[in-house]
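Visitor: Below is one structure. I have some questions about it.
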Amino acid sequence: MISLTMKKKKTTTTTQTHKPTKPISQITFLVLLSLLSCVNSLRVKPPPPLPILPLPSARQLQWQLGNMALFLHFGPNTFTDSEWGTGDADPSVFNPTNFDPTQWVRVAKDSGFSRVILTTKHHDGFCLWPSEYTDYSVKSSPWRNGSGNVVAELANAARDAGIGLGLYLSPWDRHDVSYGKTLEYNEFYMGQMTELLTGYGEIKEVWLDGAKGEGEKDMEYFFDSWFSLIHQLQPGAVIFSDAGPDTRWIGDEAGVAESTCWSLFNRSNAQIGGTDTQYSRGGDPVGSDWVPAECDVSIRPGWFWHASEAPKSARNLLDIYYKSIGRNCLLLLNVPPNSSGLISAEDITVLQEFSELRRSIFSYNLAINAFVNASSTRGGIYDSRFDPHNVLKENIYTYWAPEENQIDWVLYLNLQELVSFNVLQVQEPIHMGQRVIEFHLEILNKNGKWKNVINGTTVGYQRLLQFPTVKSQYLRFVINKSRADPLISYFGIYMDQVSIVSNNISDTSSRTHFNSSQILRQMTYNHSQIDSL
C-alpha cells in the first residue's frame with residue numbers, strides 16, 4: 001500500500017507491508033450472527049391487514065369448512081312413491097323394517113360428508129319423532145310398535161361417528177288443521193322446533209324453505225321469531241333459507257352456482273319463497289351481509305326414493321362438485337334412504353366412485369414442492385406470517401399478503417420440473433373477507449413466452465377451474481382486481497384425467513361490474529416487467 005503524507009512542502013514516501021487478514025473465528029461468527037438475529041427480532045412488524053366487511057360468523061366459518069353435507073329425504077313419501085305428500089297418508093304406511101341410521105352415517109362419513117340433514121317433517125306434516133303437538137307421527141305407525149324415533153336414533157349415530165347433524169322442518173304443513181291460522185300455526189311450528197332443538201344434542205344446521213303448492217292456504221310465517229328461537233336454542237347452528245340469515249339457497253336444484261359467486265348478499269333484497277334466483281346464484285359484490293350459498297341436488301331424479309329411479313353417475317357428481325364447491329359454495333347432496341330404511345347399494349357404489357375420483361385428482365398438489373415468490377410481501381422478507389410460501393399450506397388462517405399500495409399482485413411459482421396439469425385451486429382467508437374480483441393464471445411456454453391459461457372471477461373459500469391440459473415449470477398467478485389488498489391462503493394445481501374440458505373453456509361468462517369507488521384498484525400488468533422467474 002502507498003501512503004502520501006504532506007508536511008510543509010516536504011514530501012516523504014513510506015512503504016507499508018500489508019499483513020494478511022486473519023479469518024473470523026467461529027466464536028466471532030456466532031456472535032455476529034446472534035447480533036444480526038437480535039437486530040431482525042427488534043424490527044417492528046406490521047399488523048395483519050385490515051379485514052374487509054362483511055365477515056363470516058364463527059358458525060358460518062365452521063359450516064364452510066365442512067365442504068359437503070348429505071341430505072336424507074325420508075318419510076311416508078318413501079313408501080307411497082310420492083314427492084309431495086297430501087298429508088292424508090295413513091301412518092301405517094311408515095314401516096322401515098331394516099332401518100339403520102348407523103349405515104346412513106357410515107356412508108356419509110366414508111364418502112367425505114361432514115354432516116347429515118334429515119327431513120324431520122316434510123310438507124305432508126308427518127313427524128319422524130313423537131311430537132307432543134300432533135299424533136301424525138311415528139308414534140301412530142307400526143314401526144317399533146309406535147315407540148320409534150328416527151331423529152333420536154340418527155342423532156345418536158351421528159354423534160358416535162363424529163359428524164354433524166342438521167334438521168329440516170317444513171314450514172308448509174298439509175296435514176295440521178292449524179295451518180292457515182297465522183298465530184295458531186306459528187305457535188305450533190315453534191313448539192315443534194323447540195322439541196327438535198332441545199331434545200337431540202347439538203344441531204349444526206336448521207334447513208327451511210318456502211315451498212308451497214299453488215292454491216294452498218295463505219300463511220304468514222314469523223321467520224324473524226323462528227330465527228331468534230333457533231339461535232337462542234342452538235347458537236352454533238346455521239340457518240338455511242332463500243334469504244339466509246346464515247346461508248342461502250343457490251337458486252336451483254341442480255347443484256350449480258354462477259361462475260361468479262359472492263358470499264356477499266343483501267338480505268333486505270331477498271324474501272323466503274320470493275327471492276330472485278339470478279341474484280341468489282351470483283350473490284352481491286357490494287352486499288352488506290355475509291350469506292354464502294348452499295347448492296342442493298339429489299343423487300336421483302326425485303328427492304324421495306323411488307324404485308323406478310337410478311342414481312346419477314360419479315362423473316356427473318364430479319361435474320357438480322366443480323360447479324358448487326369449486327364456486328365458493330357448500331354441496332348438499334340428497335341421498336334418500338329406501339323403503340327398507342337403508343341407503344340403496346347402487347347409491348353407495350356411486351358415492352364410493354365419486355370419492356375415488358376426488359381422491360385421484362385432489363390428494364396431491366402438484367405445486368407442493370415449488371419455490372414461491374411474490375411481487376411484494378407485507379413486512380418484507382423478514383415477516384414469515386405473510387410469506388408467499390404460505391399458499392402451499394392447507395390452512396385458510398395462513399396466507400400471503402402483499403405490501404400496501406402496490407400496482408402488482410402476482411405470485412410466481414417455479415415447480416422445479418415440467419409438470420402437466422388441468423385444474424387450478426385457489427382459496428382466500430375468508431375470515432378476512434372476500435376480496436378477489438378477477439384473476440388469471442399464466443405459464444411460461446417452451447418458447448420462453450408467457451401464455452394465459454385461464455381467467456377467473458371471484459375466489460372466496462374455494463375456487464376450482466378446469467382447462468385443457470398444459471405443461472410448464474414456471475407459473476404466475478395474477479390478481480387483476482380486488483376489493484382490498486388480495487390475500488391468498490392456498491394455491492394448488494392438479495391433473496384430472498376423467499373430465500372432458502372444451503378447448504374454448506373460459507371463466508368469463510359472468511363479469512362483476514363495479515364503479516371506481518368500489519374497487520381498491522385495478523392492476524395494469526405489463527408482461528415485459530418480468531421476463532423470467
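The values are calculated or read from the model by the stated rules, or taken from the named source; none is laboratory data. Bear in mind that the values here come from a model prediction, so they are computed numbers and not experimental data. Please note: Cβ atoms are built from the backbone with ideal geometry, for glycine as well, and neighbour counts cover all protein chains shown. To get the accessible areas, we keep the full protein, side chains included, count just its heavy atoms, and leave off ligands, DNA and RNA. Shrake-Rupley method; radii C 1.70, N 1.55, O 1.52, S 1.80 Å.
Visitor: Subtracting the Cα-Cα distance from 0.36 nm times the residue separation, let me have the gained length for SER288 to LYS471 in nm, one decimal. The partial results should precede the final answer.
Guide: Details: separation 183, 0.36 × 183 = 65.88 nm, distance 4.14 nm.
Computed gain between SER288 and LYS471 is 61.7 nm.
Visitor: I've got another one for you. Using the charge dipole of the chain (Lys, Arg: +1 at Cβ; Asp, Glu: -1 at Cβ; taken about the Cα centre), state which of LEU61, VAL291, SER141 has its Cα farthest towards the positive end.
Guide: LEU61
Visitor: Next up: Within segment 366-385, find all residues whose amide N lies under 13 Å from a label point positioned 7 Å from the Cα of GLU403 along Cα-to-beta-carbon.
Guide: 374-383
Visitor: Tell me the accessible surface of MET190 in square angstrom (1.4 angstrom probe, heavy atoms of protein chains only), to the nearest ten.
Guide: 50
Visitor: Then there is this: For segment 200-258, rounded, prolate or oblate, judged on the Cα gyration tensor with a ≥ b ≥ c (square roots of eigenvalues), a/c < 1.5 rounded, else prolate if a/b > b/c?
Guide: Details: a/c = 2.27, a/b = 1.21, b/c = 1.88.
Taking the square roots of the gyration eigenvalues as a ≥ b ≥ c, segment 200-258 is oblate.
Visitor: Something else: So if R0 is 45 Å, what FRET efficiency would SER57 and GLN497 give, r being the distance between their Cβ atoms, rounded to the nearest 0.05? All intermediate terms of the calculation are to be shown ahead of the outcome.
Guide: Details: r = 39 Å, r/R0 = 0.87.
The value I calculate is 0.70.
Visitor: Over all alpha-carbon pairs of segment 310-361, lay out the pair-distance distribution in 10 Å bins, whole %, shortest bin first.
Guide: 24, 51, 23, 3
Visitor: Ignoring ligands, DNA and RNA, what accessible area per residue does segment 371-494 give at 1.4 Å, in Å²? Please list the in-between numbers first.
Guide: On the way: 4150 Å² over 124 residues.
Computed with neighbouring chains in place, this is 33 Å² per residue.
Visitor: Still on this structure, I have one more. For THR86, project a label point 7 Å along Cα to C-beta. Then give me every residue of segment 150-185 with its amide nitrogen under 16 Å of that point.
Guide: 174-176
Visitor: Sticking with this structure for a sec: Would you please give the residues with an amide H less than 5 Å from that of GLY287, counting only those at least 5 places away or on a separate chain, with H modeled from the backbone geometry?
Guide: PHE265
Visitor: While we're here: Work out how much length LEU50 to GLU132 would gain on full extension: take 0.36 nm times their residue separation and subtract the Cα-Cα distance, in nm to one decimal. Don't skip to the answer; put the middle values down first.
Guide: Working: separation 82, 0.36 × 82 = 29.52 nm, distance 5.04 nm.
That works out to 24.5 nm of additional length.
Visitor: Taking a point 7 angstrom from the Cα of GLU216 along the C-beta vector, which residues in segment 165-179 have backbone N less than 18 Å away?
Guide: 168-179
Visitor: If you roll a 1.4 Å probe over the heavy atoms of the protein chains, what accessible area per residue do you get for segment 74-117, in Å²? Intermediate results must be reported in sequence, preceding the final value.
Guide: Details: 1820 Å² over 44 residues.
Heavy-atom accessible area per residue stands at 41 Å².
Visitor: At a threshold of 8 angstrom on Cα-Cα distance, excluding pairs fewer than six apart, so keeping six or more, what relative contact order does segment 233-374 reach in percent? Provide the component values of the computation, followed by the final result.
Guide: Numbers: 228 pairs, mean separation 31.7, N = 142.
This gives 22 percent for segment 233-374.
Visitor: Determine the dipole magnitude for segment 58-363: charges of +1 sit on the beta-carbon of Lys and Arg, -1 on that of Asp and Glu, nothing else is charged, the reference point is the Cα centre, and the result goes in debye to the nearest 20.
Guide: Numbers: 23 positive and 40 negative charges, 202 e Å.
The dipole magnitude comes to about 960 debye.
Visitor: How far is it, in nm, from the label point at THR102 to the one at SER340 when both lie 7 Å from their Cα along the line to the Cβ?
Guide: Each label point lies 7 Å from its Cα, and together they span 1.7 nm.
Visitor: How do GLU428, GLU195 rank by accessible surface area computed with a 1.4 Å probe, from largest to smallest?
Guide: GLU195, GLU428
Visitor: Something else: Where does helix 223-233 land angle-wise versus the long Cα axis of the chain, in degrees 0 to 90, nearest 10?
Guide: Compared with the principal axis, the helix lies near 70 degrees.
Visitor: I would also like to ask the following. Given N residues in segment 195-322, what is Rg(Cα) / (2.2 N^0.38 Å)? List each step's numbers first, then the result.
Guide: Numbers: Rg = 16.3 Å, N = 128, 2.2 N^0.38 = 13.9 Å.
Compactness ratio reported: 1.17.
Visitor: What's the center-to-center distance, using Cα atoms, between segment 147-196 and segment 64-120 in Å?
Guide: 13
Visitor: How big is the Kirkwood radius of segment 157-245, worked out from every pair of different alpha carbons and given in Å to one decimal?
Guide: On the way: mean 1/r = 0.0718 Å⁻¹.
Answer for segment 157-245: a Kirkwood hydrodynamic radius of 13.9 Å.
Visitor: Take the solvent-accessible surface of the protein heavy atoms, probe 1.4 Å, and return the percent of it on the chain that carbon and sulfur atoms account for. Intermediate results must be reported in sequence, preceding the final value.
Guide: Numbers: 12070 of 23990 Å².
Roughly 50 percent of what the probe reaches on the chain is carbon or sulfur.
Visitor: Considering the alpha-carbon set of segment 375-420 alone, what are its Rg and its Dmax in angstrom?
Guide: Looking at segment 375-420, its Cα Rg and Dmax stand at 11.9, 35 Å.
Visitor: Okay, moving on. Kindly provide log₁₀ I(q)/I(0) values, in the same order as q = 0.06 Å⁻¹, from the Debye equation applied to equal alpha-carbon scatterers of the chain.
Guide: For the requested q values the scattering log ratios are -0.37.
Visitor: Can I ask one more? Rounded to a whole number, what is D in µm²/s for segment 371-494 from Stokes-Einstein with the Kirkwood radius over alpha-carbon pairs (10 °C, 1.306 mPa s)?
Guide: Details: Rh = 14.5 Å.
It diffuses with D of about 110 µm²/s by this estimate.
Visitor: Along each of the three principal axes of the Cα atoms of segment 58-363, give the extent in whole Å, ordering the values from largest to smallest.
Guide: Extents along the principal axes, in whole Å: 48, 43, 35.
Visitor: To continue, here is another question. Placing +1 on the Cβ of each Lys and Arg and -1 on the Cβ of each Asp and Glu in segment 214-257, which of LEU229, ALA243, VAL256 has its Cα farthest towards the positive end of the resulting dipole?
Guide: So the residue we want is LEU229.
Visitor: So how much slack lies between LEU418 and ASP276, counting 0.36 nm per residue of separation and subtracting their Cα-Cα distance, in nm? Can you show the working numbers first?
Guide: On the way: separation 142, 0.36 × 142 = 51.12 nm, distance 4.65 nm.
Once the chain is fully extended between LEU418 and ASP276, it gains 46.5 nm.
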